Amino acid sequence: MKVLVLSFYFQPDLCAGSFRNTAFVKGLKKIKQVKHIDVVSTMPNRYNSYTKSALKIETGNKVTINRYDIGTHDSGMLDQSISFIKFAFAALIHTNGKQYDLIYASSSRLMTGFVGALISKKMKVPLYLDIRDIFTDTLKELLPKPFSFFVCPPFKMVEKFTINQANKINIVSGGFKAYFEKYFKQKKISIFPNGIDNEFIKGIKGKNSKNSKRIILYAGNIGEGQGLDKILPDLALYLKDWNFNIIGAGGAIYKLRNEIIKKQIKNINLIAPISRKELIEKYLEADVLFLHLNSYLSFEKVLPSKIFEYAATGKPILAGVNGYSKHFINKEIENAVCFEPCNIENAIKSFNKLRIKNVQRKKFIKNYCREKQMELLVQDVISSLK
């Protein structure tokens with residue numbers, strides 16, 4: 001069996017899609033009937049401020065990784081759209097004249113799934129979709145209303161074609177289930193979420209920090225979806241005795257920086273993206289880990305991948321989330337409190353409920369080990385062919 005894997009991000013890029021699909025391919029190559037895996041991805045491009053070299057073509061142990069150079073891009077919607085179009089053309093050209101037995105497409109921005117659907121239809125082979133975001137749902141809240149009125153309908157058509165072409169669908173959040181049951185009742189759906197990578201399980205010892213001034217840490221994207229500018233500056237003003245280490249980059253970092261300058265905040269440190277090894281060290285130095293999503297209705301369906309590695313550290317977690325994320329955290333993670341997104345009074349009230357001490361989360365780590373989740377996903381992909 002020859003399998004095509006489409007993933008916009010792949011190792012050594014720094015993002016959830018890269019970590020997830022690298023682990024998926026590792027699990028897939030263990031399957032006996034899989035003779036070759038052809039990965040189509042991009043050269044590392046997630047963050048302009050973090051560069052990592054990688055081979056354009058990497059071959060070994062049943063896997064060929066094809067990384068196409070789409071250039072660097074900012075985190076804005078226009079730049080991202082251009083990058084995805086470049087990737088789409090690269091994938092279509094790459095697969096032209098080739099034949100596969102199965103196509104697996106992991107998509108957070110719909111376009112990767114759409115490309116998979118086009119190739120699947122052309123080759124008349126099964127398509128398995130791994131859905132990490134409901135793009136059309138988010139789009140209508142991110143775009144200004146007059147603009148979204150014209151832009152969203154064509155994307156809904158693309159979504160309909162893509163989903164209907166798939167033999168089977170996996171969603172990474174249980175919060176997505178109602179959407180797919182409403183609009184795509186006939187589709188078979190599985191739920192295999194993100195998880196904790198082995199390097200975090202092995203690297204995190206759960207030690208208590210010994211800082212003279214306590215640290216709240218956020219690590220990840222700093223985009224419109226996170227809305228950090230709407231909460232962190234005011235929280236830092238209230239918690240003047242704490243340092244805030246904010247690790248990451250993104251299209252809305254200028255908003256956060258402007259708020260820091262405007263309010264003359266001295267206890268927020270903006271740190272450019274760093275390697276995962278360095279990130280583990282930063283986690284160990286922190287006293288509290290911070291998570292926040294903007295107050296969009298569509299975000300009530302999501303489950304941020306960051307939750308899993310945060311929980312693995314054993315550190316207290318302060319999360320500005322609603323909906324399914326809140327339900328998941330309250331049910332699964334000890335010593336983690338949620339507050340209403342963008343609500344400073346509620347954030348302070350929730351912070352004061354936290355126990356500033358580490359806890360053991362062995363059951364959570366066992367249940368959500370990435371390797372285990374990807375093994376289950378691989379089995380589901382293979383069984384979908386029967």
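The values are calculated or read from the model by the stated rules, or taken from the named source; none is laboratory data. These numbers were taken from a predicted model, which means no experiment stands behind them. With ideal geometry, Cβ positions are generated from the backbone for all residues, glycine too; neighbour counts draw on all protein chains shown.
A compact table of results
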{"quantity": "Leading residue by the ranking (farthest from F364 (Cα to Cα)) among those in region 253-307 that are aromatic (F, W, Y) and touching a residue at least 60 places away in the same chain (Cβ under 8 Å)", "calculated": "Y296"}
{"quantity": "Tally of residues being in contact (Cβ under 8 Å) with a residue 12 or more places away in the chain, assigned to a loop (DSSP other than H, G, I, E, B) and among the charged types (D, E, K, R) across region 1-57", "calculated": "7"}
{"quantity": "One residue from K29, K98, K56 being over 21 Å from the mean Cα position of the chain (by Cα), within 17 Å of E375 (Cα to Cα) and modelled with pLDDT of 95 or more", "calculated": "K29"}
{"quantity": "From V34, V40, residue being in contact with a His (Cβ under 7 Å, 6 or more places away or on another chain) and modelled with pLDDT of 90 or more", "calculated": "V40"}
{"quantity": "Among the residues listed as K262, K277, the single one being modelled with pLDDT of 95 or more and out of contact with any strand residue (DSSP E or B) (no Cβ under 6 Å at 6 or more places or on another chain)", "calculated": "K262"}
{"quantity": "Residue check for R370: charged (D, E, K, R) and crowded, with 18+ Cβ neighbours inside 10 Å", "calculated": "yes"}
{"quantity": "Selection from region 27-58 of residues that are surrounded by fewer than 19 Cβ atoms within 10 Å (Cβ to Cβ), of a type outside the set (A, V, I, L, M, F, W, C) and out of contact with any helix residue (DSSP H, G or I) (no Cβ under 9 Å at 6 or more places or on another chain)", "calculated": "K29, K32, K35, H36, N48, S49, Y50, T51, K52, S53, K56, E58"}
{"quantity": "Test: residue in region 267-282 that is among the hydroxyl-bearing types (S, T, Y) and part of a helix (DSSP H, G or I)", "calculated": "no"}
{"quantity": "Count of region 75-95 residues which are in contact with a strand residue (DSSP E or B) (Cβ under 9 Å, 6 or more places away or on another chain) and either under 19 Å from L14 (Cβ atoms) or modelled with pLDDT under 95 (or both)", "calculated": "3"}
{"quantity": "Extreme residue, nearest to N358 (Cα to Cα), among residues of region 210-257 that are surrounded by fewer than 20 Cβ atoms within 10 Å (Cβ to Cβ) and hydroxyl-bearing (S, T, Y)", "calculated": "S212"}
{"quantity": "Which listed residue is crowded, with 22+ Cβ neighbours inside 10 Å, assigned by TED's automatic domain parsing to the domain that holds S106 and more than 19 Å from D287 (Cα to Cα), from V378, V321", "calculated": "V378"}
{"quantity": "Of all residues making up region 303-318, the number that are over 15 Å from N221 (Cα atoms) and either of a type in the set (A, V, I, L, M) or outside any loop (DSSP other than H, G, I, E, B) (or both)", "calculated": "5"}
{"quantity": "Per-region count, region 335-359, residues part of a helix (DSSP H, G or I), touching a strand residue (DSSP E or B) at 6+ places or on another chain (Cβ under 9 Å) and in contact (Cβ under 8 Å) with a residue 40 or more places away in the chain", "calculated": "3"}
{"quantity": "Search result, residues across region 238-252 that are modelled with pLDDT of 95 or more and touching a Leu at 6+ places or on another chain (Cβ under 8 Å)", "calculated": "F244, N245, I246, I247"}
{"quantity": "Search result, residues across region 318-353 that are over 19 Å from F308 (Cβ atoms), out of contact with any Ser or Thr (no Cβ under 8 Å at 6 or more places or on another chain) and among the hydrophobic types (A, V, I, L, M, F, W, C)", "calculated": "I344, A347, I348, F351"}
{"quantity": "Selected residue (only one of K362, K331 is at pLDDT below 95 and out of contact with any strand residue (DSSP E or B) (no Cβ under 6 Å at 6 or more places or on another chain))", "calculated": "K362"}
{"quantity": "Looking only at region 164-199, and only at residues there that are basic (K, R) and in a helix (DSSP H, G or I), the one that is surrounded by the fewest Cβ atoms within 10 Å (Cβ to Cβ)", "calculated": "K182"}
